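Visitor: Once you've had a glance at the structure underneath, I'll fire off some questions.
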Amino acid sequence: MAALHRVLGHAARPQARLRRRAHTWLAVGVEGIAPYRFKVVATGYVGDDGRLSARLKAAYDLRSANRLILVPSIESNVYSKAEDERGLGAGLANIEVGLRLRYELHRKFAPYAGYVWEPRLRRHCLPQP
């Protein structure tokens, strides 16, 4: 199965837009059901500048009724090299913990409301005297 992903997001608070060099990444990943029916997505990336990155996502469906489903999730990103201009250090870059409540009207249509919390783990470089 091949897929092309274009991700759009909107932050709850305004963020300053900085001019940064865009990265191009080659991605290879797997997606499936782990033991105890956890949905897992693991993706490895190789950047055009030789950087390596990995992303791991896990989620679980908790059914409270036939159509009402609560989905807790966790996602993490890891980088091989620090990138000062983006404020990212090598190693664990971020962790996102989310909770989504969805109602399945039909199998292919399920509106939802969700919340994602992302604590700051970024390592900022201090200027040298």
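Visitor: One residue is enough: does the stretch 82-95 have a residue meeting the conditions β-branched (Val, Ile, Thr) and over 17 Å from residue 117 (Cβ atoms)? Give the derivation first.
Guide: The first filter runs over the stretch 82-95 and keeps only residues β-branched (Val, Ile, Thr), leaving 95.
Okay, now just the ones that are also over 17 Å from residue 117 (Cβ atoms), so none.
Scanning the stretch 82-95, I find no residue that is β-branched (Val, Ile, Thr) and over 17 Å from residue 117 (Cβ atoms), so the answer is no.
Visitor: Further, regarding this structure: Please go through the stretch 45-55 and give me each residue that is part of a strand (DSSP E or B) and surrounded by fewer than 16 Cβ atoms within 10 Å (Cβ to Cβ), ordered by number. Talk me through it step by step, then tell me what you get.
Guide: At the first step, the residues of the stretch 45-55 found to be part of a strand (DSSP E or B) are 45-47, 52-55.
Residues satisfying the conditions are 46, 52, 54.
Visitor: When you scan the stretch 20-44, how many residues do you find that are surrounded by fewer than 10 Cβ atoms within 10 Å (Cβ to Cβ) and not charged (D, E, K, R)? Walk me through it before giving the result.
Guide: So the first thing to find is which residues in the stretch 20-44 are surrounded by fewer than 10 Cβ atoms within 10 Å (Cβ to Cβ), and the list is 20-22, 24, 26, 28, 30, 32-33, 35-37.
Restricting the remaining residues to those that are not charged (D, E, K, R) gives 22, 24, 26, 28, 30, 32-33, 35-36.
Matching residues across the stretch 20-44 total 9.
Each value in this text was obtained by applying a stated rule to the coordinates, not by laboratory testing. Only a predicted model underlies this, so the values are computations on that prediction, with no experimental measurement involved. In this analysis, Cβ positions are derived from the backbone assuming ideal geometry, glycine residues included, and neighbour counts consider all displayed protein chains.
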